[in-house]
Amino acid sequence: MDPAQMMTREGGDIDVMIKASGPVTDPALKTARLAAQLSRLMDGRKVDVILQSEGLARLPIHNVAERTGVSL
């Protein structure tokens with residue numbers, strides 16, 4: 001099955017990584033709000049937002065996002 005078929009069948013979640021140039025206050029709240037806003041704009045599709053910022057732990061998901069993501 002090609003990726004386009006998988007997205008249609010499995011819901012096609014959207015993953016977004018934001019790279020901030022400095023520290024971010026209330027990062028959990030801000031990423032949750034952004035995910036909700038994007039989801040509403042995309043007719044309820046699930047959107048996951050991860051944040052890379054000074055002062056936040058770098059997790060393995062950040063490496064995956066940088067390796068496999070598309071820069072906008």
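Some values worked out for this structure:
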| read-out | value |
| --- | --- |
| Residue pairs meeting the criteria (Cβ under 7 Å; at least 6 apart or on separate chains; first more than 15 Å from residue 51 (Cα to Cα), in the stretch 24-40; second modelled with pLDDT under 95 and not β-branched (Val, Ile, Thr)) | 39/45; 39/46 |
| Helices (runs of 4 or more DSSP H) wholly inside the chain containing at least 3 residues that are open to solvent by 40 Å² or more (accessible area, probe 1.4 Å) and at pLDDT 95 or above | 27-41 |
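The values are calculated or read from the model by the stated rules, or taken from the named source; none is laboratory data. The structure displayed is predicted, hence computed values, not measured ones. In this analysis, Cβ positions are derived from the backbone assuming ideal geometry, glycine residues included, and neighbour counts consider all displayed protein chains. Accessible surface areas use protein heavy atoms only, side chains included; no ligands, DNA or RNA. Shrake-Rupley method; radii C 1.70, N 1.55, O 1.52, S 1.80 Å.
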